[in-house]
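Take a look at the structure below.
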Amino acid sequence: DAKTTQPPSMDCAEGRAANLPCNHSTISGNEYVYWYRQIHSQGPQYIIHGLKNNETNEMASLIITEDRKSSTLILPHATLRDTAVYYCIVSTLSGNTGKLIFGQGTTLQVKP
Amino acid sequence: GAVVSQHPSWVICKSGTSVKIECRSLDFQATTMFWYRQFPKQSLMLMATSNEGSKATYEQGVEKDKFLINHASLTLSTLTVTSAHPEDSSFYICSALPIPGLAGGAETQYFGPGTRLLVL
């Protein structure tokens, strides 16, 4: 079973920031928080991951709370092409093994 | 970088036949690849973990004799759906975990575009 909880759906206005929350209250010390998204009928796309520090890349920012029990993915300027299902996953991915167990994710609808 | 391809992108077959799906890491090597299945309006379900040069590890409830996995090289894993039936119709997706130090390191899985299988 997935170890994260996400809202099933969210809307966001084009050009505005999209803030997607994720709860992972049972996260272990060696587990990372990963975010992927899946645009309709495509394979998942890696967005970002982090352990305990906030992370930023060209796609998004990841804010992890100090107790690591929750996190927020931020898309700073959402576009229509960001409409997708966003998955928050915790995993170790250690020693060239590890699994990504997908939950139901959040369906983000970016509206003009 | 970090591109994973799948072939074919879609396939239609008759019930009872076998179908082979290829997963290739194009610009990196991966000792570990994963196979997922996704039914309409559902999330991805992990089927098995494929390790180069060794037997695949299947998730509970996945029939290893029906879903044959071969990982013969560091860039290729294949999934064969044997004696396919209409209930096997699904979207099959693979992912690859780069060897540490290559293409982003061992911490990120990269996914293929998926293969849509329709069994008539």
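Distance from the alpha carbon centroid of region A:62-77 to that of region B:12-28 works out to 37 angstrom. Assuming charge only on the beta carbon of Lys and Arg (+1) and of Asp and Glu (-1), the dipole of the protein assembly as shown about its Cα centre is about 340 debye to the nearest 20. Evaluated at q = 0.10 Å⁻¹, the base-10 log of the normalised Debye intensity for the protein assembly as shown, with identical point scatterers placed on the Cα atoms, takes the values -0.46. Contact order, relative form, for chain B: 36 percent (alpha carbon pairs under 8 Å, 6 or more residues apart, mean separation divided by residue count). Shape index of chain A: Rg/Rh, with Rg the Cα radius of gyration and Rh the Kirkwood radius from the inverse mean 1/r over Cα pairs, equals 0.95.
With a Förster radius of 35 Å applied to the beta-carbon distance between A:ASN19 and B:ASP27, the computed FRET efficiency rounds to 0.60. Rg/Rh, computed from the Cα trace of chain B with Rh as the Kirkwood radius, has the value 0.96. A crude spin-label estimate for the pair B:THR57 and A:MET59, with each label 7 Å from Cα along the Cβ direction, gives 2.5 nm.
Since every read-out is calculated from the coordinates, none of them should be taken as a lab result. Since we're looking at a predicted model, the values are computed, not measured. For neighbour counting, all protein chains shown are included, and Cβ atoms are generated from backbone atoms with ideal geometry for every residue, glycine included.
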